[in-house]
Amino acid sequence: MIRLDAISMQHGHQILFVEASAVIHAGEKVGLVGPNGAGKSTLFRLVTREETPDEGQVSIDRGVTVGHFSQDVGEMSGRSAVAETMDGAGPVSEVAAELHALEHALADPDRADEMEALVERFGHVQARFDELGGYGLEARAREILAGLGFSPETMDGDVGALSGGWKMRVALARILLMAPDTLLLDEPSNHLDLESIIWLEQFLRGYPGAILMTSHDKEFMNRVVDKIVEIDAGELTTYSGDYDFYERERAIADQHQQAAFDKQQAMLKKELAFIERFKARASHAAQVQSRVKKIDKIEKVEPPKVRKTVDFEFWTPPRSGEDVAKLVGVEKGFGSRKVYDGFDFLVRRGERWCVLGANGSGKTTLLKMVAGESRPDAGAVTVGASVKMAYFAQHAMELLEPTETVWDALQRAFPRASVGSLRTLAGCFGFSGHEIEKSCRVLSGGEKARLVLAMMLYDPPNFLVLDEPTNHLDVGTKEMLVRALHGFEGTMLFVSHDRRFLSALSNRVLELGPDGPVAYGGGYSEYVSRTGREAPGLRPAAARR
């Protein structure tokens, strides 16, 4: 259905593809993986014809439609979220727009003299709208928006009033409603909460068309894709399986390549030693020449590419008291909506609470109250003795000084730290070489999150309050953070939509449901096992494929 045949492409001095080939068949669910800057976004643009390769060919079967969701959603305002979603549904959306305009015209007394023509045109357009399934379009749009977390009120409100993250959901809903033969999805689970991610997984698993997507969420990728295409060093390599299968096969291939490289190096060392030893002896001239020619003809085996990440290790944090944070009789509301009413909650030393709940249930509000960034309307929130707290929130990234470099920011935060320790810290969080000289102004969302986390964790607190710390982080950084926090000796209270993060790090669960907060002993995995659902309000967890 989509073929990339021996494509080669270069951006400036950066070589993206070298005679790379891959095929996407009808109905396949394909994950596109590769390091940052490898060319994933460029490959999407090649498929959508926004760019063309320097050599080779990208071919799409005749009649195949392609829908592309990217992180750049553009401007949205002046219409409801439902109308904006329906506008992306292809020909039927154009007919819907005309039908809507005709309805207004028919109700306009100033156009009474056109009534006969308007009625006749309305009949034709209405018939065409019905033929295209238009009367079910709004219902499908609302169903998709609901799955992505929209309330009925938000669906009908002005899309211009929404935050960037919610506009991203509208853009995703447009593509899903469009239902093209091939979906190109660039990080579709970004900005989604856990409930919406699980809904999207189920939607994509049942999607009849082909899917090519990138994602930093391993669990999401595992549940959706059945094939992986890897971009690395200009090559496209296909693996027939999910992300876990790809990682296993990639590790095995690296082991085999390392073994072949080591074997060849040992052989070359032996041959070169012979040549060096006997090159001056006439009696061995023929043998020396023979071995020189042999070495020249050998196709050199390259070592496997290094994909290691440097692990961050916490210093031992100071010991806190037994009671780390305590809420007694807390009430909190916004307007007429009561979020907490007489809420009691205790976080003890060594506990790792993950907070689950649908949008608006009060997850971030709870973390803000514990961190002292928001006060309860009634009741008390107290932090225990000897508690040294660090709070990560999305707005924390906005506090970086734009004119500073990464290195400046680290040195300002830790003026007494040695250069070596700060360079190690920077390397752990993905800033190595010239990257530490990047200005904070040009950092991506993921890079800003990495820098803030590095600054927060270097001088270790004993109580971490984390609101979606894995947003924008790539798979490698997420895994490093999970490993680092697994060895953290303090206390944690966190919100995350990443199930790997939830499962690996929690030992308590606070569920914020419609009937009020419920605490569960045991971590997220035990919660899923006990309740049969992966998030509050969802039906029992679907079996893995």
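The values are calculated or read from the model by the stated rules, or taken from the named source; none is laboratory data. If you're wondering where the values come from, they're calculated on a predicted model, not measured in any experiment. Positions of Cβ are backbone-derived with ideal geometry, glycine not excepted, and every protein chain shown enters the neighbour counts.
The figures follow:
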read-out: Of all residues in region 252-263 being surrounded by 12 or more Cβ atoms within 10 Å (Cβ to Cβ) and within 30 Å of the chain's Cα centre (by Cα), the one that is nearest to Val30 (Cα to Cα); value: Ala253
read-out: Region 264-287, residues that are farther than 27 Å from Glu302 by Cβ and surrounded by 11 or more Cβ atoms within 10 Å (Cβ to Cβ); value: Arg277, Phe278, Lys279, His284, Ala285, Gln287
read-out: Given (1) over 25 Å from Gln202 (Cβ atoms); (2) in a helix (DSSP H, G or I); (3) of a type in the set (A, V, I, L, M), index of the condition Ala38 fails; value: (2)
read-out: Residue ID - farthest from Ser163 (Cα to Cα), chosen from residues in region 191-207 that are touching a helix residue (DSSP H, G or I) at 6+ places or on another chain (Cβ under 7 Å) and surrounded by fewer than 18 Cβ atoms within 10 Å (Cβ to Cβ); value: Arg205
read-out: Among the candidates Val66, Val82, residue that is surrounded by 17 or more Cβ atoms within 10 Å (Cβ to Cβ), of a type in the set (A, V, I, L, M, F, W, C) and under 24 Å from Arg142 (Cβ atoms); value: Val82
read-out: Scope region 400-449; condition in contact (Cβ under 8 Å) with a residue 24 or more places away in the chain and on the phi > 0 side of the Ramachandran plot; matching residues; value: Gly430
read-out: Residue selected from region 179-234 under the condition touching a Leu at 6+ places or on another chain (Cβ under 6 Å) and polar (S, T, N, Q), by the criterion nearest to Gly31 (Cα to Cα); value: Thr214
read-out: Residue within region 297-305 that is surrounded by 13 or more Cβ atoms within 10 Å (Cβ to Cβ), of a type outside the set (A, V, I, L, M, F, W, C) and without any contact (Cβ under 8 Å) to a residue 12 or more places away in the chain present; value: no
read-out: Residue check, Met397 modelled with pLDDT under 90, of a type in the set (A, V, I, L, M, F, W, C) and closer than 24 Å to Asp311 by Cβ; value: yes
read-out: Region 455-501: number of residues that are under 21 Å from Thr365 (Cβ atoms) and under 19 Å from the mean Cα position of the chain (by Cα); value: 12
read-out: Candidates Leu194, Leu212, Leu185, filtered to the one that is among the aliphatic types (A, V, I, L, M), touching a strand residue (DSSP E or B) at 6+ places or on another chain (Cβ under 9 Å) and within 23 Å of Thr364 (Cα to Cα); value: Leu194
read-out: Search result, residues across region 210-251 that are of a type in the set (Ser, Thr, Tyr) and crowded, with 16+ Cβ neighbours inside 10 Å; value: Thr214, Ser215, Thr237, Tyr239, Tyr243, Tyr246
read-out: Residues within region 1-37 that are among the β-branched types (Val, Ile, Thr), under 18 Å from Pro53 (Cα atoms) and surrounded by 21 or more Cβ atoms within 10 Å (Cβ to Cβ), tallied; value: 3
read-out: Flag for Gly56 being surrounded by fewer than 15 Cβ atoms within 10 Å (Cβ to Cβ) and not polar (S, T, N, Q); value: no
read-out: Helices (runs of 4 or more DSSP H) (entirely within region 184-284) containing at least 3 residues that are without any contact (Cβ under 8 Å) to a residue 12 or more places away in the chain; value: 243-278
read-out: Those strands (runs of 3 or more DSSP E) lying entirely in region 335-429 with at least 2 residues surrounded by 15 or more Cβ atoms within 10 Å (Cβ to Cβ) and either among the β-branched types (Val, Ile, Thr) or in contact with a Cys (Cβ under 9 Å, 6 or more places away or on another chain) (or both); value: 337-348, 378-383
read-out: Selection from region 42-53 of residues that are of a type in the set (S, T, N, Q) and surrounded by 14 or more Cβ atoms within 10 Å (Cβ to Cβ); value: Thr42, Thr48
read-out: Flag if Leu510 is within 23 Å of His395 (Cα to Cα) and in the same structural domain as Thr364 (by TED's automatic domain parsing); value: no
read-out: Residue satisfying condition, being farther than 30 Å from Ile15 by Cα, modelled with pLDDT under 90 and surrounded by fewer than 17 Cβ atoms within 10 Å (Cβ to Cβ), within set Gly134, Gly74, Gly90, Gly123; value: Gly90
read-out: Segments classed as helices (runs of 4 or more DSSP H), wholly inside region 432-545, with at least 3 members that are more than 22 Å from Leu410 (Cβ to Cβ); value: 475-486, 499-505, 524-531
read-out: Checking Val328 against (1) over 26 Å from Asp498 (Cα atoms); (2) touching an Asp or Glu at 6+ places or on another chain (Cβ under 9 Å); (3) in a loop (DSSP other than H, G, I, E, B), the condition it does not meet; value: (3)
